[in-house]
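To start, the structure itself, in structure tokens.
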Amino acid sequence: MGLERWVRTLPLRLRALVRRRDADLDLDEELRFHLDQQVADLVQRGMAPAEARTIALRALGGMERRKDEMRDARRTGVAENLWRDVRYAARTLRRSPGFTVVAMLTLAIGIGANTAIFTLVNAILLRPLGYAAPLRLVAIQYEHSETVAPATFLDWQSASHSFEKMGLAEYWTPTLTGGDHAEQLDALHVSPDLIELLGVKPIIGRLFLPGEDGVGRGHVLLLGYGVWKTRFAGDSTIIGKPVRLDGESYQVVGVMPRDFVFAPYWAAGQIWAPFPLDERRTDRAGESTRVMGRLAPGVTLEAARSEIATIAARLEREYPGTNQHVTVIPLQEKVVGSVETPLTILLVAVGCVLLIACANVAHLQLMRAAAREREFALRTALGGSAGRLVQQSLVESLMLSLAGAIPGFALAVLGIRGLIALAPPGLPRLDGVSMDARVFLFMLGVTVLAAVVCGVAPALASTRVDVQASLKEGGRGAADGPRRGRLRALLVVSEFAMALVLLVGAGLVLRSFGALLRVDPGFDATRTVSMTVALKGTAHGEPALRLAFFADLIERVKALPGVQDASAINHVPLNGDDWWFPVYAEGHALPKPGEEPRAQFLVVRPGYLRTMGIGLRLGRDITDQDAATSSHVVVINEQFAERIWPRENPLGRRISVDDAGAHPDWFTVIGVARDVKQGSFTQAMPAMYFPSFLGGSYPWKAHPLISLLDPDYMTLVVRSTGNPSALVPAISSLVREMDRDAPVGNVITMDAAVARQFTAPRFYLLLLGLFAGIAVLLAAIGVYGVISYSVARRSHEIGVRLALGAGRAEAFKLV
């Protein structure tokens, strides 16, 4: 019943709040009506009019008192008081434009910077992945490696019950032909149900059907939105039409949505085709696929991890070395794991900037509070409660904060644009950075928090006024007591403490960045350009033809004007794939399965080490004779030599990359090259350089990974006498002359490849240094304000000191 009455009287309450004058007039008219009625009643009983009016007023309790009681009955007093405080605060702030503008801009810096960084954090860390129920999506992998063999995937899939679906994907770089030019695309071979488990539907067409594995039911294909628009002009009738990839025909069955990105943490494919799972059902050595799954309803992550650990332990007993240290990781964590810590640090740093800005504004408000002591004392003497004074101070602070939020929003928009422009290329989910409801709620929360932090100290100070001292004529300096001085000192100390933390953090990042700049990549990046040339599906696609093609191409490139040297490798440093193979050394005990030492596998043309400026520590380089005669030779790096033959001469020793069984294919070490930062710029790893053999006569043809070892594409590396980028058009034209279907892609100078390693640390250093600089500047301004105010308040004292004979130097020292 109480709720019904409240709802029924709500319009009257709102009218009393919004149209207070009209409500008071109505109230006055109503009371006068009741008074007149009672007077008339008493007069009718024979009482004199004057006496009747006196008795009626006495019975009513007084007109003004009754009005106050009826106003209280409306229960709008809090809102009315708040509205009065808002209007009074607006007048007060308008009378102090200098203070208002400085405080507003100070808060704008803190609010705007926090909003900009939170927008980045929200888009990258907090916003769910663009799939159905993304929190149930996981990656299943080894602790030391993301890649899994197909047979191992099938074992996990058949034995587990914690997953609603499980699928795998393998990176693929097919050549798309049939248009004006050939183009090498980033693509994925996926198991038929992998896209389905993501819960994303094509905008046209369908997903893969069970059994469509690229073998028994022909080749089918899903197009990404970008490829569909650029290469096929957004043809809505594309479904069912053929597309040629690597010289084979694929039928388009669907087009994925514009915002579909998969895989988000590794290689965002532009097209997807079924993985030939039946062909590799027994493959336990080719660890080239990545496994993802969707947790079944009601299954927790810990339960899934426990089940997978049990399954892996059983499989490890059956197939030693294939199921060690298997784990389940949320897909969101895989996507953002590498940037979560740096972004969190930036959010904390920008939070410190906001707190320093709030401390500055609190300083200013404390100064104003001291100047308004007589006002606070007078309001207290007239019956104003401490709560009303605190409310008034907090309302002023909130209005300042809201005023600062307006330019802060503009700063945030500009900051977001700057962050996107400066962000490193590898920053995940950058295309989704935008302001949404969560960002606006965060900005509102930061604004209110700033108001509270800025207003608490002045609000409390307003309640601790000595009324008698403040109202005495000439009562000077009452506000500058020990308590208020300690409060200002605490604020100054806190400002410099937070600024110091940011400075130390920026200094540590700067030192790390300086150390990174001093890292020797192991090769000479100057005047060198690299580009990938793929031949699969072209007229030179056969092994003997393509290796002869690369040999001929390198010779023609060397003959171009401005070319100093040229060669080729399967994966160029810092800009290519990273293949790892187990290594078996002759004369060493056969390691247990899964415990073999591993090294990076690199296939090179003669002269590669010379072209890249990679020096030899021992022995000789691979020569044309080695390539022409298919010699079983290999060049290793220093890390490899130290790991396999510590403090020994490795020249003449032999290694194998097959199973080291009864008849292993041995390769003789002919040279030791200096270490190169191949896959990671922070650490060199063991590496092997094998010659690419004419005729494709790899001695390990029966090896399970022959599809990876057969170089159907290679990366040219060309050293120029001038600007290396100027050679790219001529080299591309040369490739098209030799084979019009051979795409040239992934073009980058080695200087740019090295510089790209610095983009992420430079980005974080720039932001952290910027925040540290702002923090120091704000802290310095805060100290200046406090000292300036203190000197102004003590000017009478300083004048007396000077009058009594103190020198200017002593006064300066005092300040």
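The values are calculated or read from the model by the stated rules, or taken from the named source; none is laboratory data. Source: prediction; values computed, not measured. With ideal geometry, Cβ positions are generated from the backbone for all residues, glycine too; neighbour counts draw on all protein chains shown. Areas reflect the complete protein model, heavy atoms only, side chains present, ligands, DNA and RNA absent. Shrake-Rupley method; radii C 1.70, N 1.55, O 1.52, S 1.80 Å.
Here are some notes:
- Failed criterion for Glu495 (all others in (1) more than 17 Å from Val718 (Cα to Cα); (2) under 33 Å from the mean Cα position of the chain (by Cα); (3) open to solvent by 10 Å² or more (accessible area, probe 1.4 Å) hold): (3)
- Residue match in region 565-572 (condition: in a strand (DSSP E or B) and surrounded by fewer than 21 Cβ atoms within 10 Å (Cβ to Cβ)): yes
- Test: Gly415 is at pLDDT 90 or above, crowded, with 16+ Cβ neighbours inside 10 Å and within 26 Å of Arg87 (Cβ to Cβ): no
- Selected residue [under 12 Å from Trp272 (Cα atoms), at pLDDT 90 or above and among the small types (Gly, Ala, Ser)] from Gly226, Gly254: Gly254
- Test: Val101 is free of Cβ contacts under 8 Å to residues at least 60 places away in the same chain, open to solvent by 20 Å² or more (accessible area, probe 1.4 Å) and of a type in the set (A, V, I, L, M): yes
- Hey, Leu766 free of Cβ contacts under 8 Å to residues at least 60 places away in the same chain and open to solvent by 50 Å² or more (accessible area, probe 1.4 Å) or not: no
- Scanning region 201-249 for residues that are open to solvent by 20 Å² or more (accessible area, probe 1.4 Å), part of a strand (DSSP E or B) and closer than 19 Å to Glu170 by Cα returns a single hit, Glu248.
- Restricting region 91-141 to residues that are of a type in the set (Val, Ile, Thr) and touching a strand residue (DSSP E or B) at 6+ places or on another chain (Cβ under 9 Å), the residue that is farthest from Val353 (Cα to Cα): Ile140
- Leu516 vs. criteria in a helix (DSSP H, G or I), under 26 Å from Ser145 (Cβ atoms) and open to solvent by less than 50 Å² (accessible area, probe 1.4 Å): yes
- Filter result (touching a Pro at 6+ places or on another chain (Cβ under 9 Å), open to solvent by less than 50 Å² (accessible area, probe 1.4 Å) and assigned to a loop (DSSP other than H, G, I, E, B)) within region 615-640: Asp621, Ile622, Ser630, Ser631
- Test: residue in region 467-474 that is outside any loop (DSSP other than H, G, I, E, B), modelled with pLDDT of 60 or more and more than 25 Å from Ala405 (Cα to Cα): no
- Search result, residues across region 143-172 that are open to solvent by 40 Å² or more (accessible area, probe 1.4 Å), touching a residue at least 60 places away in the same chain (Cβ under 8 Å) and under 23 Å from Pro264 (Cα atoms): Glu143, His144, Glu146, Glu164, Lys165, Tyr171
- When Val504 is tested against the conditions (1) touching a strand residue (DSSP E or B) at 6+ places or on another chain (Cβ under 8 Å); (2) closer than 30 Å to Gly426 by Cα; (3) in a helix (DSSP H, G or I), the lone failure is (1).
- Restricting attention to region 616-653, the residues that are under 27 Å from Phe550 (Cβ atoms) and touching an Asp or Glu at 6+ places or on another chain (Cβ under 8 Å) add up to 4.
Here's the yes/no breakdown for (1) of a type outside the set (A, V, I, L, M, F, W, C); (2) free of Cβ contacts under 8 Å to residues at least 12 places away in the same chain:
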{"residue": "Val299", "(1), (2)": "no, no"}
{"residue": "Glu307", "(1), (2)": "yes, no"}
{"residue": "Thr310", "(1), (2)": "yes, yes"}
{"residue": "Pro342", "(1), (2)": "yes, no"}
{"residue": "Gly351", "(1), (2)": "yes, no"}
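- Any hit, region 214-223, residues being among the hydrophobic types (A, V, I, L, M, F, W, C), touching a helix residue (DSSP H, G or I) at 6+ places or on another chain (Cβ under 7 Å) and touching a residue at least 60 places away in the same chain (Cβ under 8 Å): yes
- Filter result for Ala525 (modelled with pLDDT of 85 or more, more than 30 Å from Arg674 (Cβ to Cβ) and assigned to a loop (DSSP other than H, G, I, E, B)): no
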